[in-house]
Amino acid sequence: MAATVFLDLDGTLTDSRPGIVRSVLHALDTLGIDTPDRDDFDWLIGPPLIDSFARLGVPDPNEALRLYRDRYAREGLFENRVYDGIPAALSALAGRYRLCLATAKPHVYATRITAHFGLDRHLAAEFGPELDGTRGDKGDLLAHALETLGVSSDICVMIGDRHHDVDAANAVGMASVGVTWGFGAPGELAAAAALCDRPEALAAAVEALIG
């Protein structure tokens, strides 16, 4: 079995804040919903947005999600940039491990983003939930990925910037690397097997966990 590295997308490979936040604000403004702290929406990047809209107190989270997706699919997904150092880090990792995407972003959007930025050339497979919410829980997503690939969790690592990534890895018995350049709050990645503060150090962090 090939040692496999699973990579989160938002906050790990790309800085997706502009497109996500603008699309969230579009949904809220269309619904006439005013929320405080609009300049501090980093917390909603990563987990399923249906849950984030509910946390914001939106009466109809499904309608908010529909409005969000209407704008995001048209323009928001490319209001985005690859973090400096990520292409080189992926090249270094791909020389030793099988790389796969594992994101909470719907698969149909994630694959457009990885193709647009040329990240897909490093990826053996890309896993994300369906638009209907199937495998929206990241633990379920990783379990599905392991079964699909036929690989054991003990030779895998999950790399991500939020506790959802770490929690999902722990749920399936997988080691995790928490990256500190993303959208996680201070202390959020405490349960990760390792922390990494720059893309250039990712390969060494993974090697220390699975060789």
*Is it true that some residue in the range 75-84 is within 27 Å of MET1 (Cβ to Cβ) and of a type in the set (A, V, I, L, M, F, W, C)?*
no
*Restricted to the range 64-84, and to residues that are in contact (Cβ under 8 Å) with a residue 60 or more places away in the chain and of a type in the set (Asp, Glu), which residue is nearest to SER23 (Cα to Cα)?*
GLU79
*asked:* Looking at GLY118, GLY95, GLY133, can you tell me which residue is under 27 Å from GLY211 (Cβ atoms), surrounded by fewer than 17 Cβ atoms within 10 Å (Cβ to Cβ) and out of contact with any Gly (no Cβ under 7 Å at 6 or more places or on another chain)?
replied: GLY95
_Residue that is nearest to GLY95 (Cα to Cα) [pool: residues in the range 177-211 that are touching a residue at least 12 places away in the same chain (Cβ under 8 Å), assigned to a helix (DSSP H, G or I) and not acidic (Asp, Glu)]_ = ALA203
_Scope the range 6-57; condition over 16 Å from TYR72 (Cβ atoms), of a type in the set (Val, Ile, Thr) and surrounded by 24 or more Cβ atoms within 10 Å (Cβ to Cβ); matching residues_ = THR12
_Given the criteria assigned by TED's automatic domain parsing to the domain that holds ASP161, under 22 Å from SER176 (Cα atoms) and not small (Gly, Ala, Ser), does GLU130 qualify?_
no
*Under the condition of being modelled with pLDDT under 95 and either surrounded by fewer than 22 Cβ atoms within 10 Å (Cβ to Cβ) or not assigned by TED's automatic domain parsing to the domain that holds GLY11 (or both), which residue from the range 166-187 is nearest to the chain's Cα centre (by Cα)?*
PHE183
*Out of all the residues in the range 58-78, which are surrounded by fewer than 16 Cβ atoms within 10 Å (Cβ to Cβ) and charged (D, E, K, R)?*
ASP60, GLU63, ARG66, ASP70, ARG74, GLU75
*asked:* List the strands (runs of 3 or more DSSP E) inside the range 85-176, counting only whole elements, that have at least 3 residues being touching a residue at least 60 places away in the same chain (Cβ under 8 Å).
replied: 98-102, 156-160
*asked:* Every residue in the range 70-126 that is of a type in the set (Ser, Thr, Tyr) and touching a Pro at 6+ places or on another chain (Cβ under 8 Å), please.
replied: TYR83
*If we scan the range 41-56, do we find a residue that is over 24 Å from GLU188 (Cβ atoms) and modelled with pLDDT under 95?*
no
*Would you please list the contacts, defined by Cβ atoms under 8 Å and residues six or more apart or on different chains, that run from a residue in the range 13-38 that is in contact (Cβ under 8 Å) with a residue 24 or more places away in the chain to a residue that is part of a loop (DSSP other than H, G, I, E, B) and among the polar types (S, T, N, Q)?*
THR14/ASN80; ASP15/ASN80; SER16/ASN80; PRO18/ASN80; GLY19/ASN80; LEU28/THR35
_Can you confirm whether ASP10 is out of contact with any Leu (no Cβ under 8 Å at 6 or more places or on another chain) and closer than 20 Å to PHE127 by Cβ?_
yes
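The values are calculated or read from the model by the stated rules, or taken from the named source; none is laboratory data. All figures in this text were calculated on a predicted structure; none of them were measured in a lab. When we count neighbours, we look across all protein chains shown, and the Cβ atoms used for this are built from the backbone with ideal geometry, even at glycine.
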